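A short worksheet on the structure shown next.
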Amino acid sequence: MLIPGAGGTAWYWHRVVPLLRAAGHEATAVDLPGDDETAGLPEYAGLVAGAISGRDGVVLVAQSLGGFTAPLAAARAPVAALVFVNAMIPVPGETPGAWWGNTGWERARIAAAQRGGYATEFDLATYFLHDVPPEVAAAGEPYQRPEADVVFGSVCEFPGWPAIPVRAVAGSGDRFFPAAFQQKLAGDRLGHEADLLPGGHLMALSQPAALADYLLGVA
């Protein structure tokens, strides 16, 4: 079960889903109402839990902002494992809006940009699309939508990590959430560092085979 990041479009996972299905797994990407100002984390979690309903052995995978939906969904529906992909890993009671300052993200992002020699000012091409094939980026334009502000004030209230495997994977070329930042975040919040895979922040678009292989190893 695949949760997208900001904007909520299931299209993000369209290059990974067929690879998982070809390996004999059921794979579903959940479309979330990212641009709906009345929908916050509880509504997102309800949609994901509803998609899980009736299924066993579910590996729940969360991209970026989807990291805040994952533990709420896992508390509502049975899952066998949880995987964060370039994700905003929360702590109980945190909001997505507070996460940025709580984790020191901006400082880490700017420091990585200075070391890497790319712009410190955010733009989509530099931080999200730098390793996505141009034809894939162009195909995705009709699916893009903004993330409503309401979700950033929505509280992620969950009792703690479930007693299942919880893993994190970071793109070694992620410029938005630099790999070293992600590894420290996972260490602090999950108790172990993130695994590294090739790719930037939109790894499912730039390195779908590598990500699918990793997920099949979890499943």
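Checked against the criterion of being over 16 Å from the mean Cα position of the chain (by Cα), of a type in the set (Asp, Glu) and within 24 Å of Leu196 (Cβ to Cβ), the candidates Asp149, Asp131, Asp123 yield just one match: Asp131.
Scanning the range 69-128 for residues being over 23 Å from Val59 (Cα atoms) and of a type in the set (Gly, Ala, Ser) gives a total of 13.
Annotation: Gly7 fulfils all but one of (1) within 14 Å of the chain's Cα centre (by Cα); (2) small (Gly, Ala, Ser); (3) within 20 Å of Ala219 (Cβ to Cβ); the unmet one is (3). Checked against the criteria, Leu2 counts as under 19 Å from Ala75 (Cα atoms), within 15 Å of the chain's Cα centre (by Cα) and of a type in the set (A, V, I, L, M, F, W, C). Cβ separations smaller than 8 Å between residues 6+ apart or across chains give the following pairs from the range 201-219 residues that are more than 15 Å from Asp174 (Cβ to Cβ) to residues that are open to solvent by 20 Å² or more (accessible area, probe 1.4 Å) and not in a loop (DSSP other than H, G, I, E, B): Pro208/Leu19; Ala209/Leu19; Ala212/Leu19; Leu215/Val59; Val218/Val59; Val218/Arg167; Ala219/Val59.
In the range 123-144, the residue that is least open to solvent (accessible area, probe 1.4 Å) out of those that are under 18 Å from Gly171 (Cα atoms) and among the aromatic types (Phe, Trp, Tyr) is Tyr127.
The values are calculated or read from the model by the stated rules, or taken from the named source; none is laboratory data. Please read these numbers as outputs of a predicted model, since none were measured by experiment. FYI the Cβ positions are ideal-geometry reconstructions off the backbone, even for glycines, and counts take in every protein chain you see. For accessibility, only protein heavy atoms count, side chains too; no ligands or nucleic acids. Shrake-Rupley method; radii C 1.70, N 1.55, O 1.52, S 1.80 Å.
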